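J.: Please find one structure pasted underneath; my questions will follow.
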Amino acid sequence: MASDGDANVESAHRRVKVYVLGNEGQWDERGIGYVTCEHMPQFESFGLRVVAENDPTRELLSTKIFEDEAFMRQGDTIVTWSDPETHEDIALSFQEPAGAQQLWETLNQVQGRPAPAASGDVDGGGPGLGAVDREDDLVMPEPTMQNLKQLHDTVTSTPIHRDKVLEAVMSDGYIPRLHQVFRDCEDLDDLDSLHMLFRVFRSLLTLNEPSLIELCLADENVDGTLGVLEYDPDYPDQAMRYREYLKRKGLFKTAVPIRDKDTLRKIHLNFRLGFLKDVVMARYIDDQCFATIRELITLNNIEILQHIQSDGELVESLLGECRCEEAERRRNAFLFLREITEMAKPLSPDHQMGVYKALVSKGLLRLIQASIQSPDPAIRSACSETLLCTINHDPSVVRSYVMVQEEGEGLLGQLIGALVNLADTGLKAQVGDILRSLLDTTSMPAGGDRESFLAVVYGSHMSSILPPLSADPHAPAAPAGD
């Protein structure tokens, strides 16, 4: 009778994690359990069964062992194979190397062949059926048309190879060489190879490595990467035009010149990251990859805003363009201003503070005061959104500005005028939110500034806002001329 210690050792040897290769080329964990090799009546042959660790009545895996099925060793603890009936790629990751070795020997006995020794056990042994495929032994295939299938299989191999794959593809010249293969395939109209290249790049991008994603979308690589991703084998009849879209004239509008090349590069990279996330790979990226791309965008935004707030000349030039007489230039400047405040919105208060301080110190509030009732709806919208972001960050800055304005002509008067006079219901709702935040003084300490602010509000502006708010909506309209 086996001792408890022997039973524990045996359980540890049989304890595995079950992985199945998903459609996006990622290994999805199915669960943790215990594996056995046994005769299964439903298959009329031997098979592998894995039952869940926390619920022995639940099967994580039940599969027949086929005589010609090619099982492979990946490292000391992983056994992989492709099920010829379900076409699933499956991997068992053992808790103990001894467990993987035991299963390996059992599989070879069932298939009627001797179990080759691991590469660490036989000096000079070449890689056979049972050779251990160690991470250090991985060699990436050369990027050629003939090797595309092998390259895809390597990229989508077990997670133990991830770091080696990344190291290889991020070495100098590997991605550009893949792009040259793509151009050759496109010239030859080789759709099968183009579809395989799509699968390769999809798998590379979903490895979830930030530096690889940035490399693929860099200035010198973006055209090739998006070109590859136009050939989605799941939608062969849909003509994607990603490259054509990015080259469209007028896609990027320059409100003010940005002379720092690194900042300009990050602005363009962020656009491409958003395009990749929301359009090109929207069907395929998982939550983790989505979060990685969003984090890349946020980190780039921090650096972009740090440059903008430190460049006083750029801020003055932008606010000057917002006062330009030429309508198109003025509209573009306001849209850029709104984009700056939108970029700052999700950042930490410390990062936001520098942005708003730089804008307010150069006359942002005076600009909004003069433009909130502009005849251009795009400018009105940009003003209201920018002001709302500013108030949400620090309403005291706007209240302080309001307290020094002339009666009826200041920022608060213009906001009330917009609320009363404008027909745009969406804008009126946003202005209403701005006024609500400004007039809610419950967070202000009693006395001092609070009393002064309320005195300005009640003394100078209530006569303008109360009549429309207290009017009877069912009352007949006044006759013309009254």
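J.: If R₀ is 56 angstrom, what is the calculated FRET efficiency for the pair residue 105 and residue 392, using the beta carbon separation as r and rounding to 0.05?
T.: 0.30
J.: Trypsin sites (Lys or Arg not before Pro) within the range 223-269: which are DSSP loop residues with at most 12 other Cβ atoms inside 10 Å?
T.: Sites meeting the loop and neighbour criteria: 241, 247, 248, 249, 253, 259.
J.: While we're here: Just the number please: accessible area per residue for the chain, 1.4 Å probe, all protein chains included, in Å².
T.: Roughly 52 Å² per residue, with all protein chains present.
J.: If you line up the long axis of helix 448-460 against the longest principal axis of the chain, both from Cα atoms, how many degrees apart are they, to the nearest 10?
T.: So the inclination is approximately 60 degrees.
J.: Continuing with this model, one more query. Explain nothing, just the number: relative contact order of the chain, from Cα pairs under 8 Å at least 6 residues apart, as a whole percent.
T.: 8 percent
J.: Could I ask something else about it? Using a 1.4 Å probe over the heavy atoms of the protein chains, calculate the carbon and sulfur portion of the accessible area of the chain as a whole percent.
T.: Carbon plus sulfur share of accessible area: 49 percent.
J.: Continuing with this model, one more query. Mind checking the dipole of the range 360-412: about its Cα centre, +1 per Lys or Arg Cβ, -1 per Asp or Glu Cβ, Debye to the nearest 20?
T.: Numbers: 4 positive and 6 negative charges, 31 e Å.
Computed about the Cα centre, the dipole is about 140 debye.
J.: Right, here's the next one. Give me the dipole magnitude in Debye, nearest 20, for the chain about the Cα centre, with unit charges on the beta carbon: positive for Lys and Arg, negative for Asp and Glu. Show your work: numbers first, answer last.
T.: Details: 45 positive and 78 negative charges, 418 e Å.
Using Cβ point charges on Lys, Arg, Asp and Glu, the chain gives about 2000 debye.
J.: A follow-up question, please. Which one, 285, 346, 312, projects farthest toward the positive side of the charge dipole computed for the range 256-364 from Cβ point charges (K/R +1, D/E -1)?
T.: 285
J.: May I ask for the angle, rounded to the nearest 10°, between helix 377-393 and the longest principal axis of the chain, with both axes built from Cα atoms and the value confined to 0 to 90°?
T.: 80 degrees
J.: Here's another thing I want to ask about it. Any idea which of 322, 456, 78 is furthest toward the positive side of the dipole for the chain, if Lys and Arg beta-carbons carry +1 and Asp and Glu beta-carbons -1?
T.: Ranked along the dipole, the leading option is 456.
J.: Quick check: residue separation of residue 328 and residue 370 times 0.36 nm, minus the Cα distance between them. What number comes out in nm?
T.: 13.4 nm
J.: Let's test this: bin the Cα-Cα distances of the chain at 10 Å from zero up to the farthest pair and state each bin's percent.
T.: For the chain, the binned pair fractions read 3, 15, 19, 16, 14, 12, 10, 7, 3, 1, 0 percent.
J.: Right, here's the next one. Size of the dipole of the range 138-183 about the Cα centre, Lys and Arg at +1 and Asp and Glu at -1 on the beta carbon, nothing else charged, in debye to 20?
T.: Roughly 140 debye, rounded to the nearest 20.
J.: Once Lys and Arg get +1 and Asp and Glu get -1 on their Cβ, which of 271, 229, 466 lies farthest toward the positive end of the dipole of the chain?
T.: Toward the positive end, the furthest listed residue is 466.
J.: Measure nothing fancy, just the Cα-based angle from helix 287-310's long axis to the longest principal axis of the chain, in degrees from 0 to 90, nearest 10.
T.: That works out to roughly 40 degrees.
The values are calculated or read from the model by the stated rules, or taken from the named source; none is laboratory data. It should be emphasised that the depicted structure is a prediction, and the values quoted were computed from it without experimental measurement. So basically every Cβ, Gly included, is an ideal-geometry build from the backbone, and we count neighbours across all protein chains shown. We work out accessible area using only protein heavy atoms, side chains counted, and drop any ligands, DNA or RNA first. Shrake-Rupley method; radii C 1.70, N 1.55, O 1.52, S 1.80 Å.
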